[in-house]
Amino acid sequence: MKRIKAILVWTIILLLISSTIPAFALASENPKFSREQAVELVKKFFDTSIYDKFSIEYNERSEGKFWYLNWSTSKEPYKRLSVTVDADRGNIVYLSRYSGEDTRKGSLLPKISEEDAKKIAEEFASKLQPEEFKMTVYRRQDLPPVRPLIDIYNPRYHLYFERVYEGIPVLNNGFNITVDSYTGEVVDYSFQWIFEELPSPKKIISKEDAEKVFLEKSGLTLMYRRFFTYDTREQKIKLVYQVKNPYDFYVDALTGEVLSRGSYYGYPKFFDETGGGEPRQVVSELTPQEQKELEASKKLIPKEKAVEVVKKYVEIPGDYKQRYAGLYEDYENPGSRVWSITWEKNSGTPDDYGSISARVDAMTSELLSFDIYDRTRYSEDFKQNLDMKAAEKKADDFLKTVQPEKYRMVKPENHENQRPVPEKIREFVFNYTRQVNGIPFPDNGFSVTVDAQSGRIVSYYSRWTDATFPAPEGIMDKQQAENLFLKKVGLQLAYTQFNESEKRGYRLVYGISPSPSYTFDAFDMKPLDYAGNPIEEKPKPEFTDIKGHWAEDDIQLLANMGIIDWKGEKFYPDEKITAAEFLKMMLTATGNYPVGEELELMLKFGTFAPHETDGEKIIDAAVRAGFVKKGEVKPESPITRELMAAILVRALGYERVASLQDIYVIKAEDGASVNPAYRGHAAIAMGLGLIKGISGKFLPQAPVTRAQAATVVVRFMKMER
């Protein structure tokens with residue numbers, strides 16, 4: 001999926017860039033493939049007569065020469081066709097089609113299966129690039145556990161065919177093809193290929209030798225990690241083994257040399273990329289009640305005291321005026337309070353602007369951060385007076401002054417392993433990592449930026465968490481952890497692109513294999529997600545008691561989609577389904593049932609009562625969704641056919657119409673026995689084919705089996721709204 005997004009973003013950027021260049025501006029360069037040939041190429045595959053507007057543009061970049069062709073209609077539904085053609089080779093490298101219509105037609109289930117979409121994509125690519133497509137293999141993308149929730153809003157299959165050379169994958173080479181899951185039409189296509197000769201895979205080092213290099217030069221790092229959930233504002237500190245540079249560590253397969261595609265030198269890794277001193281999330285301004293509480297609290301320092309703290313370490317020039325001061329709760333540290341203050345210099349001259357922003361802990365008077373920006377620094381001639389060693393001493397001396405106690409609890413990062421420092425550098429950034437029990441805690445520490453000309457500290461950031469840290473006793477030995485990592489994830493041999501001397505080229509390298517996570521619990525080496533929870537492998541559900549059953553296909557379909565999530569080997573298709581079980585299926589199918597983190601949040605903030613059982617939570621969710629009425633059903637009670645009809649019709653949004661009981665006729669022998677409250681629902685459900693009669697009867701009070709429920713849910717999802 002990441003590959004697809006990267007390709008699409010890259011293409012959009014190219015289109016935006018090209019739109020600023022006049023059409024035919026560089027036509028004098030005489031590309032090998034003319035504009036006329038580009039038009040003819042597209043018309044070979046697409047009917048362009050349906051469009052009444054057309055434009056063509058040309059652009060040259062280091063990657064090559066390209067024609068950009070755009071067709072569109074001036075009237076609704078505003079169809080579009082955009083195509084990019086390689087002007088040297090005559091290949092269609094990108095296309096996008098838009099029909100202007102909603103192709104879903106309201107159905108929750110796609111009309112085209114994933115396998116059919118794959119065949120459509122294969123045929124499409126084979127027509128456009130037959131020789132190259134023969135050199136690819138299909139790489140199935142990781143899919144969300146519940147497909148309907150995706151298909152409802154993004155009804156498309158994203159398919160990737162990766163180039164393979166001598167049995168070795170060529171990364172970011174191949175075909176990205178998007179197929180509409182309702183029409184079967186290819187709506188996006190991207191072809192990325194390097195035609196230069198690739199290095200021979202002969203005489204390469206073995207995977208075992210590459211692994212030895214990995215263990216020696218990188219390997220796993222034991223550290224404490226802080227996992228913070230912003231919605232619940234809860235944190236977890238865990239001991240983990242983590243891969244240092246999973247996306248930027250390579251071993252040259254020919255020489256055994258360690259390679260990098262480039263990293264940022266000296267970046268303060270645990271801080272915002274904005275680099276500003278303003279807080280990431282600021283609570284709204286104080287209400288009168290909050291202000292009254294603040295004044296009454298002796299624990300919080302006033303603004304004037306916070307200003308004194310800042311001025312103790314930062315010079316505020318006389319022509320800088322205070323523009324902002326705010327007191328807020330640090331979102332990541334509930335209960336704490338922080339003063340954020342900003343000064344600005346604005347003489348009215350564009351080149352004479354400056355700002356100073358700082359943050360002070362309102363409870364401890366600790367200086368948390370500051371950032372100095374002065375535009376004149378960049379307009380004046382620069383002379384580097386400090387080298388790295390001298391600048392680092394400045395940073396050390398500053399930390400010893402501002403954080404004397406905590407300075408003894410951090411270690412400076414080893415800058416020798418960073419990207420080489422250029423001959424001239426305007427400023428140095430030094431990061432210091434907190435150590436707990438002799439183990440690094442990269443989420444905490446300090447960052448100090450030193451001006452290489454004046455020696456002035458121009459920015460300072462601190463991050464320090466009050467938390468309980470698990471003891472390291474009982475963790476897995478590092479060697480054992482690394483052996484498990486190499487066994488479960490390890491390295492893969494692949495051709496990978498490197499930019500060298502303004503030239504793109506591919507090297508044959510061993511890189512870290514793709515993995516859902518590169519952070520592992522130090523006690524059992526289970527991979528952890530972004531919230532610090534174990535990532536469990538979910539095997540494809542296979543029930544042993546549905547083979548040959550009349551509802552087998554429907555049951556398996558819902559199981560594959562995550563709508564049926566019964567645990568165990570058996571589904572028990574002919575047993576009665578409970579209200580909670582059926583409603584959970586309906587809620588999941590329509591995207592109304594909270595799962596995972598969303599369910600945790602609802603529990604946290606009281607949407608569900610703490611004492612409620614899982615069944616009661618499901619009923620509550622169904623009441624909020626409008627599928628049932630409060631008190632209408634109990635979790636463990638069976639679902640009757642007439643109540644199932646009501647739930648289906650309400651889920652379609654027809655409750656108001658269905659409530660008009662007297663206008664409906666139920667075409668069943670026992671129609672009169674249907675509860676008057678459900679008469680309209682039963683008639684609509686039968687009329688739409690969601691529920692079918694049994695031997696001419698509706699059987700309103702008959703309990704629904706699990707197999708019947710599965711079939712009805714599939715019908716519901718297939719129905720066009």
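Data table
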item	result
Cross-link pairs beyond the 22 Å C-alpha cut-off, checked among 547/567; 576/617; 212/389	212/389
Compactness relative to 2.2 N^0.38 Å, alpha carbon Rg of the range 177-226	2.19
Unsatisfied cross-links (Cα-Cα over 32 Å) in the set 75/111; 111/526; 244/394; 629/718; 79/584; 203/488	111/526; 79/584
Qualifying aspartates and glutamates (Cα of each under 17 Å from Cα of residue 570; at least 8 residues distant if same chain)	542, 545, 552, 553, 554, 581
Per-residue Cβ neighbour rank within 10 angstrom, fewest leading, 200, 355	200, 355
Residues with amide H under 5 Å from that of residue 452, placed H, sequence gap 5 or more	427, 428
Where Rh is the Kirkwood radius over Cα pairs, Rg/Rh for the range 351-468	0.99
Solution diffusion estimate, µm²/s, Stokes-Einstein, the range 606-721, Kirkwood Rh from C-alpha pairs, 25 °C, viscosity 0.890 mPa s	166
238, 634 arranged by Cβ crowding within 10 Å, fewest neighbours leading	634, 238
Whichever aspartates and glutamates have a C-alpha closer than 19 Å to that of residue 667, once near sequence neighbours (fewer than 8 apart) are set aside	642
Estimated vicinal HN-Hα couplings, Hz - the range 694-709 in sequence order (Karplus 6.51, -1.76, 1.60; Gly, Pro = x)	10, 6, x, 10, 8, 6, x, 8, 5, x, 8, 8, 5, 5, 4, 4
Lys, Arg +1 and Asp, Glu -1 on Cβ, resulting dipole of the range 648-696 about Cα centre, debye, nearest 20	140
Charge dipole magnitude, Cβ of K and R +1, D and E -1 - the range 457-527, Cα centre, debye nearest 20	380
Reachable aspartates and glutamates, given that their alpha-carbon falls under 18 Å from the alpha-carbon of residue 43 and they are not under 8 places away in the same chain	52, 57, 86, 123, 185, 188
Test item: Cα-centred dipole of the range 30-73, Lys/Arg +1 and Asp/Glu -1 on Cβ, debye	100
Amide H within-cut-off set for residue 443, under 5 Å, with H built and near neighbours excluded	226
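No value in this document is a laboratory result; all are computed from the given coordinates. This is a predicted model, so every value here is computed, not measured. Heads up, the Cβs are rebuilt from the backbone with ideal geometry, glycines too, and the neighbour counts pull from every protein chain shown.
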